[in-house]
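Worksheet for the structure shown next.
The values are calculated or read from the model by the stated rules, or taken from the named source; none is laboratory data. Note that the coordinates shown come from a computational prediction; the quantities given were computed from them, not determined experimentally. Neighbour counts run over all protein chains shown; Cβ positions are idealised from the backbone, glycine included.
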Ligand SMILES: [Ca+2]
Ligand SMILES: [Ca+2]
Ligand SMILES: [Ca+2]
Ligand SMILES: [Ca+2]
């Protein structure tokens, strides 16, 4: 028997960590970072212009060991993380997204050790115009190397394909690999929506000031490019997060998005699910 809200009898008990002062955590990823079959947590810390990434190693039970790698770079505020085995050594690596323009995607090789130096920085690359708020990893061009697709927050919103070289490095996005989304996209999710073997993406678009947002989906061509966006509209939504899963177990992927829409009378915001039709 399950219940809601959780009673802590069967899942994680409530456990919290106090990060160092001025290191606001803004993004988390769950991953087995040290290969012991226990999920660990990687956290991006946004407390200063320095790039700080924390690592919570699952020691079993309710115990996590807290490590923080400080000052991994500087210049722009770190905003989000993406993970994948970028150099194909079996250990999950990290891409940090800096909330600025220019070379704003920084790859890190994960050394899979408990203590520093557990990350080694690679060469930063650019995602094109707009701020790279979020990214997903996957082999979008089907060459066997993990790539990234960033969502670029700007009025004329875009996504950028950033090609991985299989050795932990990436190539900056070029115009041919940048595709249009809705306005001010903030979040992206990846899956093969239509089952053709090419990875596709869905973006949550906040929309401009005073304008409604949208949720966009873009089918991949399997070569790093995407077909033109299509929109899922939902009234006056202001969408800021999106996920993909088969929620009703009919074998067809569905989409969920959070609507940050301000309202009145307790009618603020919503969680919206679009059921996939398989067509
Ligand atoms: Ca690796
Ligand atoms: Ca690839
Ligand atoms: Ca597809
Ligand atoms: Ca479904």
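Kindly check whether there is at least one residue in region 230-239 that is in contact (Cβ under 8 Å) with a residue 40 or more places away in the chain, within 16 Å of ligand 4 (Cβ to nearest atom) and either over 19 Å from residue 137 (Cβ atoms) or more than 19 Å from the chain's Cα centre (by Cα) (or both). Can you show your working first?
The initial filter retains those residues of region 230-239 that are in contact (Cβ under 8 Å) with a residue 40 or more places away in the chain, namely 231-232, 239.
With within 16 Å of ligand 4 (Cβ to nearest atom) added as a condition, the list becomes 232.
Keeping just the survivors that are either over 19 Å from residue 137 (Cβ atoms) or more than 19 Å from the chain's Cα centre (by Cα) (or both) gives 232.
Yes.
Name the pairs whose Cβ atoms lie under 7 Å apart, with the first residue in region 133-144 and within 19 Å of residue 104 (Cα to Cα) and at pLDDT 95 or above, the second outside any loop (DSSP other than H, G, I, E, B) and within 16 Å of ligand 4 (Cβ to nearest atom), and 6 or more positions between them or separate chains?
136/189
Only one residue in 251, 269, 195, 276 is more than 23 Å from residue 135 (Cβ to Cβ), within 16 Å of ligand 3 (Cβ to nearest atom) and without any contact (Cβ under 8 Å) to a residue 12 or more places away in the chain. Which one?
The match here is 195.
Could you grab the pairs with beta carbons closer than 6 Å, sequence gap of 6+ or different chains, first residue in region 198-222 and without any contact (Cβ under 8 Å) to a residue 12 or more places away in the chain and farther than 14 Å from residue 260 by Cα, second one part of a strand (DSSP E or B) and within 16 Å of ligand 1 (Cβ to nearest atom)?
Once the first residue is without any contact (Cβ under 8 Å) to a residue 12 or more places away in the chain and farther than 14 Å from residue 260 by Cα and sits in region 198-222, no partner that is part of a strand (DSSP E or B) and within 16 Å of ligand 1 (Cβ to nearest atom) comes close enough.
Taking the criterion of being closer than 22 Å to residue 67 by Cα and within 16 Å of ligand 2 (Cβ to nearest atom), would at least one residue in region 107-117 satisfy it?
Checking region 107-117: at least one residue is closer than 22 Å to residue 67 by Cα and within 16 Å of ligand 2 (Cβ to nearest atom).
Does residue 242 qualify as being in a strand (DSSP E or B) and within 26 Å of residue 108 (Cα to Cα)? Even if it seems obvious, please write down each step before you answer.
Values: in a strand (DSSP E or B): yes; within 26 Å of residue 108 (Cα to Cα): yes.
Judged against the criteria, residue 242 is a match.
From the residues in region 132-148 that are over 24 Å from residue 212 (Cα atoms) and assigned to a strand (DSSP E or B), which one is farthest from ligand 2 (Cβ to nearest atom)?
Of the residues in region 132-148, the ones over 24 Å from residue 212 (Cα atoms) are 136-148.
Next, from what is left, pick out any that are assigned to a strand (DSSP E or B): 136-138, 147-148.
Details: 136: 13, 137: 10, 138: 8, 147: 4, 148: 10 Å.
Across region 132-148, the extreme among qualifying residues is 136.
Residues 240, 233: which one is surrounded by 20 or more Cβ atoms within 10 Å (Cβ to Cβ) and at pLDDT below 95?
On inspection, the qualifying residue turns out to be 240.
I'm trying to understand the selection: among the residues of region 153-173, which are under 18 Å from the mean Cα position of the chain (by Cα) and part of a strand (DSSP E or B)?
Within region 153-173, 153, 158, 159, 160, 161, 162, 163, 164, 170 qualify.
Mind checking whether some residue in region 208-222 is within 30 Å of residue 89 (Cβ to Cβ) and out of contact with any strand residue (DSSP E or B) (no Cβ under 7 Å at 6 or more places or on another chain)?
Yes: region 208-222 contains one or more residues that are within 30 Å of residue 89 (Cβ to Cβ) and out of contact with any strand residue (DSSP E or B) (no Cβ under 7 Å at 6 or more places or on another chain).
Could you grab me the full set of residues in region 78-110 that are more than 9 Å from ligand 1 (Cβ to nearest atom), modelled with pLDDT under 85 and farther than 16 Å from residue 163 by Cα?
Matches in region 78-110: 78, 79, 98, 99, 100, 101, 102.
What single numbered condition from (1) more than 16 Å from ligand 2 (Cβ to nearest atom); (2) at pLDDT 90 or above; (3) exposed (fewer than 13 other Cβ atoms within 10 Å of the Cβ) fails to hold for residue 189?
Just one mismatch for residue 189, condition (3).
Whether any residue in region 34-55 is at pLDDT 80 or above, in contact with a strand residue (DSSP E or B) (Cβ under 6 Å, 6 or more places away or on another chain) and outside any strand (DSSP E or B) is what I want to check.
Yes, that holds for at least one residue.
If you scan region 154-178, which residues turn out to be in contact (Cβ under 8 Å) with a residue 40 or more places away in the chain, surrounded by fewer than 24 Cβ atoms within 10 Å (Cβ to Cβ) and more than 16 Å from ligand 2 (Cβ to nearest atom)?
155, 175, 178
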